[in-house]
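Asker: Handing you a structure now.
The numbers here are math on the coordinates, done by the rules we state, and not lab data. For clarity, every value in this text was computed on a predicted model and none was experimentally measured. Quick reminder, even Gly has a Cβ in these numbers, built from the backbone with ideal geometry, and neighbours come from all protein chains shown.
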Amino acid sequence: MKKYLNEFKKELESKINDNHKFTSKEIELINFKIRNFQHERLIHLLVTLFYAIFAILFIFLSVILPYFLIPCFICLIFLFFYVKHYFFLENTVQYLYTLYDKIVED
């Protein structure tokens, strides 16, 4: 997903810098892709929240029963990478909004 998003972003940036005139079909396709990225972002937000809830649950359980420390650490590791990926999605989609605004302005 990161590679696809970065390539899409670079493609749009290069077209904007080259003063490419976007057709209505191209604008619809860009809008469609941005909406799909928004859905991807929502799904990753939900998964991240569930990992955070499970991490908190395992932290509380590990206080009572120490053998819950292993799933707690595993969950925290996954949570770290999900948060990192979610922030990448969030920032990139917001940047795509600004690119889309530049496209529509022209």
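Asker: If packing is taken as the average number of other Cβ atoms within 10 Å across a peptide's residues, how do 62-69, 49-56 rank, most packed first? It would help to have the intermediate numbers written out before the result.
Answerer: Values: 62-69: 11.5, 49-56: 15.2.
Highest to lowest by the protection proxy: 49-56, 62-69.
Asker: Taking 0.36 nm per intervening residue step and subtracting the Cα-Cα distance, what contour gain separates Phe88 from Leu29 on full extension?
Answerer: Working: separation 59, 0.36 × 59 = 21.24 nm, distance 2.19 nm.
The span from Phe88 to Leu29 would gain 19.0 nm if fully extended.
Asker: Still on this structure, please answer the following. Could I have the simple spin-label model distance between Tyr95 and Ile16, label points 7 Å from Cα toward Cβ, reported in nm to one decimal?
Answerer: That separation, rounded to one decimal, is 1.0 nm.
Asker: Follow-up question, since we're still on this one. Per residue of the stretch 9-18, in order, report the coupling 6.51 cos²θ - 1.76 cosθ + 1.60 (Karplus, θ = phi - 60°) as ³J(HN,Hα) in whole Hz, putting x for Gly and Pro.
Answerer: 4, 5, 4, 5, 4, 5, 5, 5, 5, 8
Asker: According to a simple spin-label model (label point 7 Å from Cα along Cα-to-Cβ), what is the distance in nm between Ile64 and Lys3?
Answerer: Simple spin-label model gives 4.5 nm for this pair.
Asker: Tilt of helix 24-64 relative to the longest C-alpha principal axis of the chain, in degrees (0 to 90, nearest 10)?
Answerer: 10
Asker: Next question. For a quick protection proxy, order the peptides 33-44, 16-27 by their average other-Cβ count within 10 Å, most packed first.
Answerer: Working: 33-44: 13.9, 16-27: 10.3.
Going by the mean number of other Cβ atoms within 10 Å, highest first, we get 33-44, 16-27.
Asker: Ignoring everything except DSSP H segments at least 4 long, calculate the 222 nm mean residue ellipticity for the chain; use -39,500 (n - 2.57) per segment, divide by total residues, nearest 500. All intermediate terms of the calculation are to be shown ahead of the outcome.
Answerer: Numbers: 3 runs with 94 residues, N = 106.
Roughly -32000 deg cm²/dmol at 222 nm, from the helical runs in the chain.
Asker: Quantify how much of the Cα-Cα distance distribution of the chain extends past 23 Å, in percent.
Answerer: Counting every Cα pair in the chain, those more than 23 Å apart make up 44 percent.
Asker: For the chain, give the magnitude of the charge dipole about the Cα centre (Cβ charges: +1 Lys/Arg, -1 Asp/Glu; no others), in debye to the nearest 20.
Answerer: Working: 12 positive and 11 negative charges, 50 e Å.
My answer is approximately 240 debye.
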